[in-house]
Every structure is written in structure tokens, then in C-alpha cells.
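The values are calculated or read from the model by the stated rules, or taken from the named source; none is laboratory data. As the structure is a prediction and not an experimental result, all values here were calculated from the model. Virtual Cβ from ideal backbone geometry, glycine too; neighbours counted across all protein chains shown.
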Amino acid sequence: MFSENPIVRRKTKQIQIGSVAVGGDAPISVQSMTNTRTTDVAATVAQIKDLENVGADIVRVSVPTMDAAEAFKQIKQQVNVPLVADIHFDYRIALQVAEYGADCLRINPGNIGNLSRIQSVVDCAKDKNIPIRIGVNGGSLERDIMEKYHEPTPEALLESAMRHVDYLDKFNFDNFKVSVKASDVFLAVESYRLLSKQIEQPLHLGITEAGGFRSGAVKSAIGLGMLLSEGIGDTLRVSLAADPVEEVKVGFDILKSLRIRSRGINFIACPSCSRQEFDVINTVNALEERLEDITTPMDVSIIGCVVNGPGEALVSHVGLTGGNRKSGFYVDGERQKERIDNEQMVDQLEAKIRAKAEQVQQTIATLKPE
């Protein structure tokens, strides 16, 4: 398979969020955020575990009240993935969750309070050796910045971010990452571009409030894809008005599409037409659902006819080309004597793909340095 990847990542400082390194040469991590009430400990823990199961590296939890802070303490004790405590308005909540084991504190410069309150949070983060995320958002810029620019602009988001970067510099604190999110793709992209030229800290990417599943995934793929293709970004969250599990899946799909980080199967499938010899759409949907647990990076092509099927199979770990009653089957680009029964296709392919995934995983393991 054509494997050249022209992306050169921007060099950044590396920080540590729990067990996950962010920045430097660390893999670009995928985050999500719970949408349960944090005070509902059982529901929040269950959702975090669902996110872990689909590969989330880091999970953010909103902590709007002291009651939520107490719940955060219980939640932290029941999960393994690093947790970012999302704090707005009341800096004292940040101090409390730091005591309770938060792996990172997210603060919004537009509403966290005056300089002395920020210093209190920084001093606490220093003491606990946990990073801070400066989370600038186009929808909550400081009043004086809005008065200056009249509306969210890339320069406005940059000024807000750099104001608080300067604060942290004054406090001799460099254990932080920064985000400059906006719901408009071009506003967010240009803001990140400007910021990437100003600081060496890791950048947390996101198109905030991107929308529902379909539109939000498209916006995020365009915006994050533009930045990632330029080497900008060290961790990301896809913000969707949908099940947070879908955020993680879309995030990995974006990284996979750019060949930055692969997790699980990359399905290559035709949209189907009257030439198809089997039901391509339902077959692919069934395989995606059944094989969701596979984390081994591999390519699987499912093509309904012989027009493009053999060519795609040549560059796939496992390939299928539609045929009359039985379909052509390929492994590592080589056509096999065995054919796949169209009536039993999903069951047979699942078994073949799982066997190949195990083989690929063993090969990967032998290549890892001891």
C-alpha cells in the first residue's frame, strides 16, 4: 500500500496527564467528555468505562459544584483512564478536585476569575504536579476582548490564550496545554494556526459545539484534518451532540484517515450499485459492529464486483471481491483458492478477519523493541 505520510508534526513540549503523555513525540491522544450528571456516580462511571472500551485515552468530566467535586472523588477511584476536571466560574472547585486526584484541570480564562484566583489554581497544580489546560472558547471570551474585537476572531482567541499563557509564565508554570476552540471551522483553524506560531506547549484540538452526529463529524473531520495535516495538534476531542462513544470513534477515524495513528480496522467499501453481487452495505455494517473489539491496525476491502475489487484487495490485509453465489477472497493481496459463500459471508469473513488480525498483532509484537 502507498504509505508515504508527508505530515511533519510541530515540535512541542511534552506533558503528562495521568499515564498518558501529550505532546513531544507521543501519539496524538483522543479524548471525550461525559454527558451524565457528575453527581450520578454510577452512570458517570459506566459511561467512562464505555469510553475506555472504545479506546479513549483521556476523559473529561464537568465539575460544576462542590457536590460534583465530591462525586468526582468517587468516580476517580473506580476508573483507570486519566480524568480531566472541567472547571468554570468557581476556582475553589479546581482546588478541591486537585486534592481528589484529578489528572488535569481545565479552566476557562473567560470565567475563572481574577489573577489571584488563577494563581491559587496554579499553586495547587504545582503542588500536585498536575497540568492545566487553558481552554479558550469563542463563545465565552473576556468582556474587554469582545469590546476590542466586537466578535470572536482568530486574533481575539489568540489574545485571550496568550494573556493566560503570560499569567502562567509569570507564575513560573509551564505544565500546561492550550485550546482555542470555536464552532466555526475557519475561525478555529486560523486561531490554532496563529497560536502554534507563538508557543511550544501542546495544543488540544477541537471544533466546539460542532453539531449533531453527522454534521458535527463532518465539521470536525474538516477542521481537525486541516490542522493535523499541517502538523498542528497533540490531542483532540470531537465534540458531538451524540453519544460520547461516537466522539472517540470519529476521532480515531480522523487520525486513521491521515495515517497518523491507526486503531482497529480500516474498512474500504464501495457505495454499491447494480453490479454488486451481494449486499455490500449490510455486510459492511454487520462486520463493523461485530469487529469493533479489534484494535489491531489493518485494512479490509469489501467490494461488490470485479471492477475495483481486485485492485483494492491487492493493498489490503483481507479483501473480498463480489462474485456470483461465491466471492473472491484475498489475503495480503494474494487471491486464495478458497471462495466465500455469499449466503454465509458475514460469518465466514468475521472468522477470517479475526484470524488475520491475530497474525498481524503477533507480527507487530515481534517488531517492538525490547
message: C273 - would you say it is within 24 Å of S257 (Cβ to Cβ) and part of a loop (DSSP other than H, G, I, E, B)?
response: yes
> Is one or more of the residues making up the stretch 341-359 in contact with a strand residue (DSSP E or B) (Cβ under 8 Å, 6 or more places away or on another chain) and over 22 Å from A286 (Cα atoms)?
Replying inline: no
Residue count, the stretch 215-270, condition among the β-branched types (V, I, T), assigned to a helix (DSSP H, G or I) and either over 12 Å from the mean Cα position of the chain (by Cα) or within 19 Å of P297 (Cβ to Cβ) (or both), comes to 5
- Query: Does A210 satisfy the condition of being out of contact with any Pro (no Cβ under 7 Å at 6 or more places or on another chain) and in a helix (DSSP H, G or I)?
  - Reply: no
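Per-residue answers, yes or no, for (1) within 14 Å of R354 (Cα to Cα); (2) out of contact with any Ser or Thr (no Cβ under 8 Å at 6 or more places or on another chain):
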site	(1), (2)
S262	no, yes
S272	no, yes
N282	no, yes
L287	yes, yes
I303	no, no
ask   = Is at least one residue of the stretch 315-334 surrounded by fewer than 17 Cβ atoms within 10 Å (Cβ to Cβ), assigned to a helix (DSSP H, G or I) and within 29 Å of the chain's Cα centre (by Cα)?
value = no
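Just to be sure before I move on: is R193 closer than 26 Å to R106 by Cα, charged (D, E, K, R) and outside any helix (DSSP H, G or I) in the structure I sent?
No: the conditions fail for R193.
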Subset of the stretch 76-95, residues out of contact with any Asp or Glu (no Cβ under 8 Å at 6 or more places or on another chain) and of a type outside the set (D, E), comes to K76, Q77, Q78, A85, I87, H88, F89, Y91, R92, I93, A94, L95
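Of all residues in the stretch 184-212, which are of a type in the set (G, A, S) and at pLDDT below 95?
A210, G211, G212
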